[in-house]
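Q: Below you will find the structure I want to go over with you.
The values are calculated or read from the model by the stated rules, or taken from the named source; none is laboratory data. In this text the structure is predicted, and so the values were computed from the model without any measurement. Note that we place each Cβ from the backbone using ideal geometry, even for glycine, and neighbour counts take in every protein chain shown.
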Amino acid sequence: MEVDHARRTDGELDVLKRIGTVFAAFDALDEYHPSDRDEFVFHVHALSRIVMARSAMRAHPERGWIKTRGG
């Protein structure tokens, strides 16, 4: 069976769902500063992009993007 490297792994999908859960919890809090929500969303998007980029890295290993811990 051929692996579709462009697909997200179950672990990656779990992380993305958790990011969404954290955002929903934050969004339910009382507003203390009008910029807080926009700032939080900015970082949610940054975290999501990092997770989603992993499938691109797997699909194109020739680019040398994948680095291992300690290596």
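Q: Scan the range 10-38 for residues that are surrounded by fewer than 13 Cβ atoms within 10 Å (Cβ to Cβ) and aromatic (F, W, Y) and jot them down.
A: Correct list: Y32 only.
Q: Does any residue in the range 44-66 that is within 15 Å of L16 (Cβ to Cβ) come within less than 9 Å, Cβ to Cβ, of a residue that is modelled with pLDDT of 85 or more and part of a loop (DSSP other than H, G, I, E, B) six or more places away or on a different chain, and which pairs are these?
A: What qualifies is V51/R8; M52/R8; R54/R8; R54/T9; S55/R7; S55/R8; S55/T9.
Q: A25 is checked against (1) at pLDDT 95 or above; (2) of a type in the set (G, A, S); (3) in contact with a helix residue (DSSP H, G or I) (Cβ under 8 Å, 6 or more places away or on another chain) and fails just one. What number does that condition carry?
A: (3)
Q: Looking at (1) out of contact with any helix residue (DSSP H, G or I) (no Cβ under 7 Å at 6 or more places or on another chain); (2) surrounded by 10 or more Cβ atoms within 10 Å (Cβ to Cβ); (3) modelled with pLDDT under 95, find the lone condition where M1 falls short.
A: That leaves (2) as the condition not met.
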